[in-house]
Structure formats: C-alpha cells, structure tokens
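Q: Following this message is one structure expressed as structure tokens.
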There are 2 protein chains.
Amino acid sequence: MKTLTELGCNAARAKYEIQGLRTEEKNAALEAVAAALRAGADEILAANESDLKRGEQKGMNSGLLDRLRLTRSRIEAMSEGLLQIRQLPDPVGKVLETISRPNGLVIEKKTVPLGVIGIIYESRPNVTADAFGLCFKSGNAVILKGGSDAIASNAVITNVIRRALGASGITEDAISLIEDTDRSVTREFMRMKQYVDVLIPRGGAGLIRSVVENSTIPVIETGTGNCHIYVDEYADLDKAISIILNAKTQRIGVCNACESLVVHEAVRERLLPELAKALREKNVEIRGDEQTTGIIDCIPATQEDYGTEYLDYIISVRTVSSLEEAVAHINRYNTRHSEAIITENEENAGRFLDQVDAACVYVNASTRFTDGFEFGFGAEIGISTQKLHARGPMGLRELTSYKYVIRGNGQVRE
Amino acid sequence: MKTLTELGCNAARAKYEIQGLRTEEKNAALEAVAAALRAGADEILAANESDLKRGEQKGMNSGLLDRLRLTRSRIEAMSEGLLQIRQLPDPVGKVLETISRPNGLVIEKKTVPLGVIGIIYESRPNVTADAFGLCFKSGNAVILKGGSDAIASNAVITNVIRRALGASGITEDAISLIEDTDRSVTREFMRMKQYVDVLIPRGGAGLIRSVVENSTIPVIETGTGNCHIYVDEYADLDKAISIILNAKTQRIGVCNACESLVVHEAVRERLLPELAKALREKNVEIRGDEQTTGIIDCIPATQEDYGTEYLDYIISVRTVSSLEEAVAHINRYNTRHSEAIITENEENAGRFLDQVDAACVYVNASTRFTDGFEFGFGAEIGISTQKLHARGPMGLRELTSYKYVIRGNGQVRE
C-alpha cells in the first residue's frame, strides 16, 4: 500500500503529463477504460460481493446496501458513462479572451486543467469511474478517497482503470485510490495542499462539513439541498401541485428534491387541502406551521424542520403574508442549491429570481431539473452550493482553471 | 464597538440591498464617497498621524512607516481610484449564456455578486478605500480587517465612507471595519462562514498561510510571488538583461518582481558576467549555484534561496542543461504567480508557456506586467495565485459569481 505522500507525489507528477495530452489521446484512453470495465465485470462483482457481505454483517440497512451494490448493468452504465464523457468537447486549451495592449503585448486567457483533484465520497462505487472520467477528460489527475464500505470494489475498479491506462501508454497515476481507511488518513489528505489543487467532497452534510472544517486545500462544496418551492398569491394551483409532487417524490434521496414549501396566505385555503391529499397518496408526511395545522391535519413544524434536508417522504410547510417574507425565509434556511416560485405574475417572478440566493432559481418548474444532463452540459461531478469558482451543476468546464499567456518582444515596465 | 456577530449580521443583511442597486446608483455613491474622502482629508490625516506616532514609538522601520503614511496626495489618489472604478463596466447582471432546452425550459446563466467579502490586510490604509470601491461596484458588502498599526486611519476612512453612503441613501453596512485588534478576533472572523461568502487575504506569505490554515470560509490566495525568469539557450541576451533588470529592480517590494533566474548552460558564460555587472550597478546581491559561482563572483545559493520571495535587492541564480530542467525547477519552487522565458525559439517558448504552472506565463517580457491596469482590466483587489475561481489579476469581474435562472411553464421531471 502506497503512503499518502507517495500518492500525492505521483499524482502531482502525473498532472504535468496529462495536461499535455491531445484530445484524441484522452478519448482513446477513455474508450480503452470503458472496455476494460466491461471486460473486468467478474473481477469487480467479486470484490463488490465481499463489500456487500461485510456490509450485511455490519447490519447495513437495505437502502445503503443498494447504494453499495454493483450489478452487470450498473457496470455497463459506468462504462457507458465514460463513452459519453468521451463525446463531450475537450474543455482544455480554449482561448477565452485575447487582449492586444498598446505596448505590443498580446495576452491570451486560456483554459488549463486544475491539476490534481481530490475527491472524498461515500459508499457508491460507481463514483470511482465517473469521477475518473470527468477529471481525466478535463486533463486532471485524481486522487480518490472512497467510503470504507466500498473499499474492495473501489480498489478493483481503480486497478482496472490503471491497467487500461498503462496499456494505452498513459501514466497510471492519472487515478489513484487511498486504500487506508483510517480516519486520520482522510484528515491528513485534506491538508495535502502541496500536491492537491482542489478538494471536492461528495456526500452528506456531515462529510461536507468535516471537509470544510479541516481542509487547507481549496474546497468546492457540493450537494446539500434544502430546496424550497414558494407558492405565490398569483400561482396557478394546478401547476403548483404537479410541480410540488414531482419535486418532492420523483426521487426522494437527491439533493435537488424539494424539502420545504412556502405558501402565500392568499392561496393557502385553496391549495393546502388538495395538496395534502395528493402528497398523502404518495405517503409524504407534512409538517406545518400554525396556519397550516389550522387548515389541514398535519404534524406541527419546529424551527429545526425548516433547516432540515429530509431526503425522505417528509415536507415542511410555512405560510407567509408576502413575497418579501417568503424570500427572507428561504434565504435564511436554504442551502443555496435550488429554489422555485410558482406564479403567473411576471414582476413577482423577477423579484424572486433576483433576490433568492441560490445556484439555481426557477419559475414554474420543478427543482429536480438541477442536473448536468438536464441543463444539456452532460455528466457532472456534483452540484456546487458555494459561490466561488463554480455554482450549480459542475461538469468538465468547471474542472478547469485558466492561465494568462503573454507574448512580448522585450517589453519592460516603465 | 460592534461585536463580530453584529458586523456579520449587518453585512449579510446589507448584501441583499446592495445586490439590487442599479449601476447609476452605485456610480453616484462612488462619486459621493470620492468627494467625502477629499473633504475629510484633515480628519483622515489627523488619525493617520496618531497611527504614525504609535508606529514610531514601537520602533517601526522607515519602510513600514512609509506604507502606513497618508498624505494629501495619497488621499487624493484614493479618491481618484474610486472615480476610476466608477468608470468601469458594472459586472453584475450580465447574461453569460442562454440555453433553450427541448422541454421548453429557458436557462440563463447570469452574473451575481459574491455576497459578503471579507478582506484581511496589513498596514496600507489606502486598501480600505480601494477594497470598498471594488467590492461595492461589484455589488458586494465588505467586512475589512486591517492591520492594528493602521487602526485609527482605517476607522476614520471607514466612517467617512459610511457617512457618504448614508447621505446617498445607501446602507452604511456596505462597508464595515473590525476595530477589535485582538488576534483571537481575526481567527473568529475566519470562521464566520454563515455571514461571509469569500475571504481574501492581502499581505505577506505569513498572513496568507495563517488564513489558509484557519479559515472555514472559501479563501482566494493572493500575492505571494516567487517569480522566475528563464534565459533559454536561444535567448536574445540584450533582451534578457533589460527584462531581468526591469523585473528585479523597477520595484522590489511587489509580488510580480523577479526573485530567481534560471539560466541555460549554453548561454551562461556569455550572459552572467555582463548581467552581474548590470545588477551590481543597481545594488542587487546575487546568490548562485556552483556553476554560477564558477563564472562570476557571488554568494553561493542554498536550497532555501530558491524557495524565497526576497522582496529585496537579492536574486538567486540556478543553471540548467535543458528546458525540461528549467521547467521542473520552476514548477518545484514557484508560487504559481508569474514566470517568464527569454527565447527567440518558438517551440521552446510554446513548451514553457504550456508546461509552467502559473497564473501568468510570459515570453520575452517582464513579469512586472502582471497587474490589472497593465492588462487593461482596471483596478484589482489582488493577484490570485490559486486555481479556483480566479487566477492572476482579480478585478470587478472576479468579484462576482453567477446563478442559473430557469423559466418554465409547469415542467416536471420524468
């Protein structure tokens, strides 16, 4: 097992090789890796089986076991994901701007890879291949720290990828996995600033918080979503109900699911009974404020409810008497992810879109659209909830930085 | 004196007001603030006098006292700086991209302010006005933590700005200053993630390191520059000497000054004697490797020299036998700021520009051009040496983020 420092050094060396690869070389390697994953399915499934056994012995619940489980079709999907990334445009080497200065200097602003990207993630082993594909196509080396539950699966997937890279004549250190599952190693990893340019945590709120608290490497926060839908006094209530149902129940465990409703008092009497009926049919528990419990039969909401990302069949409801109050409530409790207003009033829509602080703000659509594929960007490494560097769906383009290239013929500064 | 939490709350409230200001309102306020600084010169100079007295009593050296000193013409320059910022285009509300999806959703990617920007800086009090101007024009509230040496000057400048804002009908909390000079307060400030969106340290390497180590707020590192000039085997040596002299001596205390030379062995015998003569005329001390001390009379360089940003009349020299060796040396020791190659060979220039990892890479020009004004961008808040968010000169545009604004008519996800 390599030490953390060895992994860091190797990745930092590999980044210089990878950043110089031509698009065709990267695409050919992605194709080779995709084929290797398909060919290595038996090996991967065997390793996954041992992870699953350990998980069962530990008493993991069925939801977690399902996240951990690989099948032939899931491996096929990982492979297919790499082929899709191959098709996406290469984000490296794009000239964003050219400036000619009066003194004759010509300045080009040009996209470059970030360098070495660290990714800390939880138990889904398919992230191993996805993260590699996105980092590699954008010219970066990646160091992965997966969850200990998936360690055997991740190790085999990483090895399959490394072998395929080696066979393609590309440095295997384009991807490496930290196999030591000790927590102290993760903390040390977060401070390897001399080797790692950016750290992206993918997982629950606890993981993200721990990385933000402990990392000295610049972090991109992803994926916590306490998303609201505000039903304005000028809402079309049929649209409201269909959008709320979709945003809450189409998939409950995802960061862009709706967790909380804000309802204008002018429509609450008409909206809530019908909405409650529809939500109950989908087994959604409602936790409402005093006004809500006065209209429908539901559990009283606490302050804590408004700050909770349930990721479950639960939704909180808060009533307000103005758009301002709705915006203030949302800006207080949201996680800057995805927020929606349902209204037929253009002015109110505009104020909501301007004033709510979030990566994605919607009018009359489900928050579930916050997704790289739904936006037409292709695969994503995560949804950024911070304002620095990238916001919202992060794809290949967001895995690059830029440099200024300046050409002169002897210019000096006066 | 307000508590840190009060300052944070006020700024977090103010950001929503400032982000909605029209360009004309912001420009009028900048003009009013510029006039107020000029009108308040006596008050500012009196406060500065007390800072200077305290500094003298503490035995501050003349360089530091000069950084701390304000004069009528320096206040005039602060005022003029704000008027220049007023002229720059408003970076907020620009639509960077519009995407129409097959399902009818229209997605706009639109620039927005970062929110609340924290700036921690050392003893130059003019930063107070400059930082306010840039943050305000880009729609952000700013919380400043200046050096304790300049506390009286900073407090008066901040008050003058706040009064002028108030008189313009704009929230005074667009700018606030942390007046408590206790170090524990600075540490607490760096963890005020709930109020501050981005932290920008401006100052020496020690300050930057401390902020990176302790902050839980996303940080943009600025301003440490261990910048190299590589004299290639195909260099025009006259150009080389004139560029090196400029980059080393035109202004020694700045982050884009040259601190280290890398010289190809094919030109060292011809270059070094003449260069040494020219540098000595400017009182520059040379610290060279074994090959260098074999050619010219100079102090032997240690490993530590190669990693040192002198900010002084000292330069280190390392000889290499290839471009690869030069690139490897630079990538090992540089701070990702500004790096130059002197060569008449296009291919070598291209390899250097591609392979050296820095915000700004030059061919045949002085590193001293890394500057917002020299690039034609206008005033800057600093030179970023990290890859996340912004790299190189950071002006108004780099003080914004973006949001996705999505308009639908009832779309739900399948």
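The values are calculated or read from the model by the stated rules, or taken from the named source; none is laboratory data. As the structure is a computational prediction, the values presented were derived from the model and not from experiment. Don't worry about glycine lacking a Cβ; one is built from the backbone with ideal geometry, like all the others, and counts go over all protein chains shown. Accessible surface is based on the protein model in full, side chains and every heavy atom, while ligands, DNA and RNA are left aside. Shrake-Rupley method; radii C 1.70, N 1.55, O 1.52, S 1.80 Å.
Q: I need the calculated FRET efficiency for the pair B:E344 and B:R101, taking r as the beta carbon distance and R₀ as 41 Å, to the nearest 0.05.
A: 0.20
Q: Heavy atoms only, 1.4 Å probe, whole protein assembly: order B:R124, A:R162 by accessible area, highest first.
A: Output order, biggest surface exposure first: B:R124, A:R162.
Q: What's the buried accessible area, both sides, between B and A using a 1.4 Å probe, rounded to 100 Å²? Walk me through the intermediate numbers first.
A: Numbers: alone 18850 and 18870 Å², together 31230 Å².
Between B and A, the summed buried area is about 6500 Å².
Q: Something else now. For the pair A:N61/A:T293, report the inter-label distance in nm, with labels modelled 7 Å from Cα in the Cβ direction.
A: The modelled label-to-label distance comes out at 2.5 nm.
Q: May I ask for the distance between the Cα centers of the range B:188-260 and the range B:319-349, given as a whole number of Å?
A: A separation of 18 Å, based on Cα centres.
Q: In the range A:1-123, how many lysine pairs have Cα atoms under 18 Å apart, counting only pairs 8 or more places apart or on different chains?
A: Working: A:K15/A:K26; A:K15/A:K110; A:K26/A:K94; A:K94/A:K109; A:K94/A:K110.
Close lysine pairs under the 18 Å cut-off: 5.
Q: Something else about it: Can you give the angle from 0 to 90° between the axis of helix A:323-333 and the longest principal axis of chain A, with both taken from C-alpha atoms, to the nearest 10?
A: 50
Q: Next up: Would you mind working out the magnitude of the charge dipole of chain A relative to its Cα centre, with +1 at each Lys and Arg C-beta and -1 at each Asp and Glu C-beta, to the nearest 20 Debye?
A: Dipole magnitude for chain A comes out near 1660 debye.
Q: Also, I was wondering about something else. Which FRET efficiency value, to the nearest 0.05, do you get for B:E274 and A:K277 by plugging their Cβ-Cβ distance into 1/(1 + (r/R0)^6) with R0 = 60 Å?
A: That pair, B:E274 with A:K277, gives E of 0.10.
Q: 7 Å along Cα→Cβ for the label point: how many nanometres lie between B:T293 and each equivalent label in the other copies, listed shortest first?
A: 8.2
Q: Separate question: Treating the point 7 Å from Cα along Cα-beta-carbon as the label, what are the nm separations from A:L64 to the other copies, to one decimal?
A: Here the equivalent label points are 5.5 nm apart from this one.
Q: Also: Checking buried surface per residue: for the range A:17-41, which residues lose a minimum of 10 Å² accessible area in the protein assembly relative to the chain alone (1.4 Å probe)?
A: In the range A:17-41, residues shielded by partner chains: A:Q19.
Q: For Cα pairs less than 8 Å apart in space and 6+ apart in sequence, what is the mean separation divided by the residue count of the range A:254-400, i.e. the relative contact order in percent?
A: About 21 percent, as a whole number.
Q: A further question follows. Please report the residue of chain B with the smallest beta-carbon distance to the B-to-A rotation axis, and give that distance in Å, no decimals.
A: B:H389, 2
Q: Which of the chymotrypsin sites (Phe, Trp or Tyr not before Pro) found in the range A:94-175 are loop residues per DSSP with 10 or fewer other Cβ atoms within 10 Å of their Cβ?
A: Details: sites: A:Y121, A:F132, A:F136; in loops: none.
Taking the range A:94-175 and a limit of 10 other Cβ atoms within 10 Å, no loop chymotrypsin sites (Phe, Trp or Tyr not before Pro) are found.
Q: Gap in Å between the Cα centre of the range A:144-181 and the Cα centre of the range B:382-396?
A: For the range B:382-396 versus the range A:144-181, the Cα centre distance is 33 Å.
Q: Okay, moving on. If we sort B:27-33, B:315-321 on the protection proxy, mean other Cβ atoms within 10 Å, highest first, what's the order?
A: Top of the packing list down: B:315-321, B:27-33.
Q: Find every distance from the label point of B:R270 to the corresponding label point in the other copies (7 Å from Cα along Cα→Cβ) and write them in nm, one decimal, shortest first.
A: Those separations, rounded to one decimal, come out as 8.6 nm.
Q: Can you pull the percent of the protein assembly as shown's accessible area that's carbon plus sulfur, 1.4 Å probe, other chains left in place?
A: Accessible surface attributable to carbon and sulfur in the protein assembly as shown totals 46 percent.
Q: Counting only the backbone N, which residues of the range A:17-33 are under 12 Å from the spot 7 Å out from the Cα of A:A167 toward its beta-carbon?
A: Of the residues in the range A:17-33, A:31-33 have backbone N under 12 Å from the label point off A:A167.
Q: Rounded to the nearest whole Å², what accessible area per residue is found for the protein assembly as shown with the 1.4 Å probe?
A: 38
Q: Roughly what angle does helix A:4-19 make with the longest principal axis of chain A, taking Cα atoms, 0 to 90 degrees, to the nearest 10?
A: Here the helix axis deviates by roughly 80 degrees.
Q: Tell me the mean residue ellipticity at 222 nm calculated for chain A from its helices only (DSSP H runs of n ≥ 4, each -39500 (n - 2.57), averaged over every residue, nearest 500).
A: Taking each H run of at least 4 residues, the total per residue is -13500 deg cm²/dmol.
Q: Report the full-extension gain for the segment B:A46 to B:E24: residue separation times 0.36 nm, less the Cα-Cα distance, to one decimal in nm.
A: The span from B:A46 to B:E24 would gain 4.6 nm if fully extended.
Q: Here is a further query. Need the C-alpha centroid separation for the range A:272-295 versus the range A:85-106, integer Å.
A: 53
Q: Right, another one. Treating the angle as unsigned and between 0 and 90°, give the value, to the nearest 10°, between the Cα long axis of helix B:205-214 and the longest Cα principal axis of chain B.
A: Between the helix axis and the principal axis of chain B, the angle is about 50 degrees.
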